[in-house]
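Here, each number is a calculation from the coordinates, and none is a lab measurement. Note that this is a predicted model, so its numbers are computed, not measured. When we count neighbours, we look across all protein chains shown, and the Cβ atoms used for this are built from the backbone with ideal geometry, even at glycine.
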Amino acid sequence: MELMELSLLVLGIVLLVVGYRTNRRNVLLSAAIVLFVSGALGSFAQGYVHGWHQAGLSAQAAVGR
C-alpha cells in the first residue's frame, strides 16, 4: 500500500508542476484530486478491509458456526 501512496504522491506532484507551468486548470485539478487520494488511500483501504472482515464474522455468526 505504501508503494501505491508514494506513486500517487509523485504523480500528483508531477501533475502540479506541469499544470502550473502550462497554466492548465484541468491538470491542476487532477493534481489536487490525486494528491487528496494519495493521502486518504491508506485509511480508506484499512477501513474497507476491517468492514469486510466484520461482515464475514457476522455472516458466520448468523449461520451458527
Response to the item:
Going through the stretch 18-32 in order, the residues found to be of a type outside the set (Phe, Trp, Tyr) and surrounded by 12 or more Cβ atoms within 10 Å (Cβ to Cβ) are VAL18, GLY19, ARG24, VAL27, LEU28, LEU29, SER30, ALA31, ALA32
Worksheet, complete the sentence: Within the stretch 1-31, the residues that are in contact with a Leu (Cβ under 6 Å, 6 or more places away or on another chain) and either under 19 Å from GLN46 (Cα atoms) or in contact (Cβ under 8 Å) with a residue 60 or more places away in the chain (or both) are GLU5
